[in-house]
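Visitor: Have a look at this one before I ask anything.
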Amino acid sequence: MKTLHFLRSAAIIYSFWFCAPALPLHAQEAMTDDAAETDSATVFESLVRDDILTITIKTDQRKFLKEKKKEAYQPAIMTYADKEGTLITREIEIKSRGNMRLNNCRYPPIRLKFSKKEIKQDGLTSPHKLKLVVGCESGANYEQLVLREYLVYKLFNVFTDNSFRAQVVKLHMEDTGGKQKPRSTFAFIIEDDDELAGRIGGRVYDPKGINSKSLEPQSYNILAMFQFIAGNSDWFVLNKHNLKFVLNSEEKTVKAIPYDFDYAGIVKAPYAVANEKMPISNVQERFFIGKCGEEGYYDTIIKMFIEKKEEVLSIPKNCIYLDDNSRDWMLKFLESSYEILENPKWIQKEIQRGCEWAP
């Protein structure tokens, strides 16, 4: 069931940058606001904003947290304003999800499940399930951590369309059981796997066995270089760790798409630890996990990354929700990454140090 209420207060027009829009700039050019509201818009696209999206979720919060490891759906009411300022209220279901964060965090990531019938009535298309990433614990430090991870998705969007889109959210959680205090926090919604695959011309693919030689070279090289500048070594092709795969049957290519960036050095999560099998002492130490190649193999990729430097730095620089410490940290980390990229001998040394880790 959906009820509509007109917001009495006038919509605020935002003239500044809100932690980057949910769509990459090149994707926005192909998708106007009108297109986002047509019958072909997906549930995710209907939630895309140039600014922050405010969502209220009402559910039995105590039950949700107590039974989070069951990963069972429970009813919830989700409220948000559409692009015209009209308040939308939807009956949805939510459940906990994740691996490490599910087992170690007070507040696990959430999966939102919308009614297929309802979204069809509203002219929207599936997928009808979306991931919602929230802070591991309460407090400003964990809110900033969520924003930093969100911005890693935005940074990867700069380099390729073969990347998950994300929408930053101000989330208000209300307990229908009256046992938990209302909670407000930053969060973000991630594009569904199937939606991503369709957008880049393929389908989700779950191979029994795969290695880096099976992957489309250009997209894999961009992925590996990006993970290096973000300080993320928490991914691996062989065991499909923190990667989704998209198969394009016509081109006969497979692309790897990364997700879950909380262990990246640039995110600086307090619980993130380095892989003990890798020759690094902490997650803030960059380690390249790409293919080995002859000298000059990565020159085109490096050139492209350097050309996008100002666009990359503008993302944390212009995100108004980052506090000064988070902004300074992200800029410092990126600038030090670019020092390596802009030094041919240095980046070649880093590539050779780590490339044998890409089976």
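Visitor: Can you tell which of G201, G209 is modelled with pLDDT of 95 or more and not hydrophobic (A, V, I, L, M, F, W, C)?
Guide: Working: G209 fails: modelled with pLDDT of 95 or more.
On inspection, the qualifying residue turns out to be G201.
Visitor: Considering the stretch 310-335 alone, what residues qualify as being more than 20 Å from Y142 (Cα to Cα) and surrounded by 16 or more Cβ atoms within 10 Å (Cβ to Cβ)?
Guide: Result: V312, L313, L334.
Visitor: Only residues that are of a type in the set (A, V, I, L, M), assigned to a helix (DSSP H, G or I) and out of contact with any helix residue (DSSP H, G or I) (no Cβ under 7 Å at 6 or more places or on another chain): list them for the stretch 305-359, please.
Guide: Taking the stretch 305-359 as the starting set, the residues that turn out to be of a type in the set (A, V, I, L, M) are 306, 312-313, 315, 320, 322, 330-331, 334, 340-341, 347, 351, 358.
Of the ones still in play, those that are also assigned to a helix (DSSP H, G or I) are 306, 312-313, 315, 330-331, 334, 340-341, 347, 351.
Across the stretch 305-359, the qualifying residue is only I351.
Visitor: Something else: For the stretch 188-243, enumerate the residues that are among the charged types (D, E, K, R) and farther than 26 Å from L132 by Cβ. Lay out the reasoning, then the answer.
Guide: The initial filter retains those residues of the stretch 188-243 that are among the charged types (D, E, K, R), namely 191-195, 199, 203, 206, 208, 213, 216, 234, 240.
Answer for the stretch 188-243, where residues must be among the charged types (D, E, K, R) and farther than 26 Å from L132 by Cβ: K208, K213, E216.
Visitor: Which is more than 30 Å from K170 (Cβ to Cβ) and in contact with a Lys or Arg (Cβ under 9 Å, 6 or more places away or on another chain), of I340, I306, I289, I302? If you could, list the steps in order and put the result at the bottom.
Guide: Numbers: I306 fails: in contact with a Lys or Arg (Cβ under 9 Å, 6 or more places away or on another chain); I289 fails: in contact with a Lys or Arg (Cβ under 9 Å, 6 or more places away or on another chain); I302 fails: in contact with a Lys or Arg (Cβ under 9 Å, 6 or more places away or on another chain).
I340 is the lone residue from the list that is more than 30 Å from K170 (Cβ to Cβ) and in contact with a Lys or Arg (Cβ under 9 Å, 6 or more places away or on another chain).
Visitor: Checking V283 against (1) free of Cβ contacts under 8 Å to residues at least 60 places away in the same chain; (2) out of contact with any Asp or Glu (no Cβ under 9 Å at 6 or more places or on another chain); (3) surrounded by 14 or more Cβ atoms within 10 Å (Cβ to Cβ); (4) closer than 25 Å to E137 by Cα, which test does it fail?
Guide: The number of the failed condition is (2).
Visitor: May I pose another question? Test of understanding: among L145, L238, L151, L171, which residue is under 30 Å from I280 (Cα atoms) and not in a helix (DSSP H, G or I)?
Guide: Working: L145 fails: not in a helix (DSSP H, G or I); L151 fails: not in a helix (DSSP H, G or I); L171 fails: under 30 Å from I280 (Cα atoms).
That would be L238, the only listed residue that is under 30 Å from I280 (Cα atoms) and not in a helix (DSSP H, G or I).
Visitor: Out of I351, I315, I320, which single residue is closer than 18 Å to T160 by Cβ, in contact (Cβ under 8 Å) with a residue 12 or more places away in the chain and not acidic (D, E)?
Guide: On the way: I351 fails: closer than 18 Å to T160 by Cβ; I320 fails: closer than 18 Å to T160 by Cβ.
Just a single option satisfies the conditions, and that option is I315.
Visitor: What are the residues in the stretch 286-312 that are of a type in the set (D, E) and without any contact (Cβ under 8 Å) to a residue 24 or more places away in the chain, if any? Full working, then the answer.
Guide: Here is the first cut: in the stretch 286-312, the ones of a type in the set (D, E) are 294-295, 299, 307, 310-311.
Answer for the stretch 286-312, where residues must be of a type in the set (D, E) and without any contact (Cβ under 8 Å) to a residue 24 or more places away in the chain: E294, D299, E307, E310.
Visitor: Kindly list the number of the only condition in (1) among the charged types (D, E, K, R); (2) surrounded by fewer than 17 Cβ atoms within 10 Å (Cβ to Cβ); (3) modelled with pLDDT under 95 that fails for K113.
Guide: (3)
Visitor: Name the one entry in Y220, Y150 that is out of contact with any Pro (no Cβ under 9 Å at 6 or more places or on another chain), modelled with pLDDT of 95 or more and not assigned by TED's automatic domain parsing to the domain that holds T253. Step through it out loud before you land on a result.
Guide: Details: Y220 fails: not assigned by TED's automatic domain parsing to the domain that holds T253.
Result: Y150 is the single residue among Y220, Y150 that is out of contact with any Pro (no Cβ under 9 Å at 6 or more places or on another chain), modelled with pLDDT of 95 or more and not assigned by TED's automatic domain parsing to the domain that holds T253.
Visitor: When you go through E37, E71, E91 one by one, which is the residue that is modelled with pLDDT of 90 or more and either over 30 Å from L313 (Cβ atoms) or touching an Asp or Glu at 6+ places or on another chain (Cβ under 8 Å) (or both)?
Guide: Values: E37 fails: modelled with pLDDT of 90 or more; E71 fails: modelled with pLDDT of 90 or more.
Every option except E91 fails the conditions.
Visitor: Given the criteria closer than 18 Å to E250 by Cβ and either surrounded by fewer than 22 Cβ atoms within 10 Å (Cβ to Cβ) or assigned by TED's automatic domain parsing to the domain that holds L112 (or both), does G201 qualify? Walk me through it before giving the result.
Guide: Working: closer than 18 Å to E250 by Cβ: yes; either surrounded by fewer than 22 Cβ atoms within 10 Å (Cβ to Cβ) or assigned by TED's automatic domain parsing to the domain that holds L112 (or both): yes.
The answer is yes for G201.
Visitor: Applying the selection to the stretch 166-196, what residues are surrounded by 21 or more Cβ atoms within 10 Å (Cβ to Cβ) and farther than 19 Å from K113 by Cβ?
Guide: Result: V168, F186.
Visitor: Further question on the same structure: Does the stretch 266-283 contain any residue that is assigned to a loop (DSSP other than H, G, I, E, B) and among the acidic types (D, E)? So that I can check it myself, show each step before the final result.
Guide: We begin by selecting, within the stretch 266-283, every residue assigned to a loop (DSSP other than H, G, I, E, B); these are 266-283.
Cutting the leftovers down to among the acidic types (D, E) gives us 276.
Yes: the stretch 266-283 contains one or more residues that are assigned to a loop (DSSP other than H, G, I, E, B) and among the acidic types (D, E).
Visitor: Something else about it: Is the stretch 214-226 home to any residue that is among the charged types (D, E, K, R) and not in a loop (DSSP other than H, G, I, E, B)? Outline the logic, then answer.
Guide: The first filter runs over the stretch 214-226 and keeps only residues among the charged types (D, E, K, R), leaving 216.
Add one more test, that the residue is not in a loop (DSSP other than H, G, I, E, B), and what stays is none.
No.
Visitor: Can you name every residue in the stretch 289-322 that is touching a Cys at 6+ places or on another chain (Cβ under 6 Å) and at pLDDT 95 or above?
Guide: Result: C319, Y321.
Visitor: If you don't mind, there's one more thing I want to ask. Enumerate the pairs (first residue in the stretch 155-181 and over 30 Å from G201 (Cα atoms); second residue anywhere and of a type in the set (A, V, I, L, M)) with beta-carbon separation below 6 Å, excluding pairs fewer than 6 apart on the same chain, so at least 6 apart or on different chains.
Guide: K170/I52; L171/I55; L171/A187; M173/I57
So that you can scan it fast, the table gives a plain yes or no per residue for (1) basic (K, R); (2) more than 20 Å from E191 (Cα to Cα); (3) without any contact (Cβ under 8 Å) to a residue 12 or more places away in the chain; (4) not assigned by TED's automatic domain parsing to the domain that holds G177:
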| site | (1), (2), (3), (4) |
| --- | --- |
| K58 | yes, yes, no, no |
| K63 | yes, yes, no, no |
| K69 | yes, yes, no, no |
| Y80 | no, no, no, no |
| G85 | no, yes, no, no |
| I92 | no, no, no, no |
| C105 | no, yes, no, no |
| T125 | no, no, no, no |
| S138 | no, yes, no, no |
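Visitor: Could you tell me whether the stretch 254-263 includes any residue that is within 25 Å of V312 (Cβ to Cβ), surrounded by 22 or more Cβ atoms within 10 Å (Cβ to Cβ), in contact with a strand residue (DSSP E or B) (Cβ under 9 Å, 6 or more places away or on another chain) and of a type in the set (G, A, S)?
Guide: Yes - at least one qualifying residue is present in the stretch 254-263.
The values are calculated or read from the model by the stated rules, or taken from the named source; none is laboratory data. If you're wondering where the values come from, they're calculated on a predicted model, not measured in any experiment. A quick note on method: Cβ atoms are made from the backbone with ideal geometry, for glycine too, and the neighbour counts reach across all protein chains shown.
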